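Worksheet: the structure to be examined is printed underneath.
The values are calculated or read from the model by the stated rules, or taken from the named source; none is laboratory data. Keep in mind that this is a model prediction, so the values were computed, not measured. When we count neighbours, we look across all protein chains shown, and the Cβ atoms used for this are built from the backbone with ideal geometry, even at glycine.
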């Protein structure tokens, strides 16, 4: 029997799949998730995000890449903000030959912030224009160009020793698994719960996740819970015991263990005292 909490203010949206658009994003009242890799290129203005347990400021000419299955939120923006937003199915990064290191980095809650080159700026403009008016052939060309750009980023990560996951023949099931985890990570879920929901054998599900993502399934669940708890540390005055339970940890000791293993240096109290929405 799974323990269920009252509905928290994280919303879970359907995947956007492959999509490119130009926009001025809105400040979000609540964090949300969607099962895509998201790439934001900022042309004008400034944005403050909350991503994977930390505040992130993006300035003009920068692009940020992250796994949107982690709760994230636009907190602030200047009036003149404009950018190009791009979403990709995570499964593409796991299937492409040279981007699996990048996929593993993003699944661990990592993100990339890059100063865009002149060629990047031209590429984002061209991708957005072509996507709006493209047929199948031109979209294939856009996807190929994006793959090449992300492959270079992934190669740079590989040089720093990020572990590369192995691609599995069953990787098409991963989107369902990751979607389920994004929606249920705060509950006392079991492997059998997950396997039943995505119609896989429990042992195969565990093997598939590790081979595809390069990490154990429960390590991934802990990272989701920790990102949730870090957000509550910075945006509420709730006790550590209360927010740990709200994030899905079944004991305070389990939360502290996860914080020491996966979180920033120091204690949760240090984290709360050292960071705030204003800086």
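Restrict the check to the stretch 12-30 and report whether at least one residue is in contact with a strand residue (DSSP E or B) (Cβ under 6 Å, 6 or more places away or on another chain), in a strand (DSSP E or B), modelled with pLDDT under 80 and surrounded by fewer than 18 Cβ atoms within 10 Å (Cβ to Cβ).
yes
Report yes if some residue within the stretch 221-228 is outside the structural domain of residue 107 (by TED's automatic domain parsing), over 21 Å from the mean Cα position of the chain (by Cα) and at pLDDT 80 or above; otherwise report no.
There is no residue in the stretch 221-228 that is outside the structural domain of residue 107 (by TED's automatic domain parsing), over 21 Å from the mean Cα position of the chain (by Cα) and at pLDDT 80 or above.
Exactly one of (1) surrounded by fewer than 22 Cβ atoms within 10 Å (Cβ to Cβ); (2) touching a residue at least 40 places away in the same chain (Cβ under 8 Å) is unmet by residue 59. Its number?
(2) is the only condition that residue 59 fails.
Taking residue 178 and the conditions (1) modelled with pLDDT of 80 or more; (2) buried (at least 17 other Cβ atoms within 10 Å of the Cβ), which numbered condition does it fall short on, given that it satisfies the others?
Exception for residue 178: condition (1).
If you go through the stretch 239-268, how many residues are modelled with pLDDT under 90 and surrounded by fewer than 16 Cβ atoms within 10 Å (Cβ to Cβ)?
Here the count works out to 6.
Taking the stated definitions as given, is residue 83 buried (at least 22 other Cβ atoms within 10 Å of the Cβ), within 29 Å of residue 180 (Cβ to Cβ) and in contact (Cβ under 8 Å) with a residue 60 or more places away in the chain?
No, not satisfied.
When you look at residue 231, is it out of contact with any strand residue (DSSP E or B) (no Cβ under 7 Å at 6 or more places or on another chain), part of a helix (DSSP H, G or I), touching a residue at least 24 places away in the same chain (Cβ under 8 Å) and outside the structural domain of residue 30 (by TED's automatic domain parsing), yes or no?
No: the conditions fail for residue 231.
Only one residue in 125, 120 is touching a residue at least 40 places away in the same chain (Cβ under 8 Å), more than 23 Å from residue 264 (Cβ to Cβ), surrounded by fewer than 17 Cβ atoms within 10 Å (Cβ to Cβ) and in contact with a helix residue (DSSP H, G or I) (Cβ under 9 Å, 6 or more places away or on another chain), so which one is that?
Step by step, each of 125, 120 is checked, and only 120 is touching a residue at least 40 places away in the same chain (Cβ under 8 Å), more than 23 Å from residue 264 (Cβ to Cβ), surrounded by fewer than 17 Cβ atoms within 10 Å (Cβ to Cβ) and in contact with a helix residue (DSSP H, G or I) (Cβ under 9 Å, 6 or more places away or on another chain).
Conditions: (1) under 24 Å from residue 100 (Cβ atoms); (2) modelled with pLDDT under 85; (3) outside any loop (DSSP other than H, G, I, E, B). Residue 50 meets all but one. Number of the miss?
Failed condition: (1).
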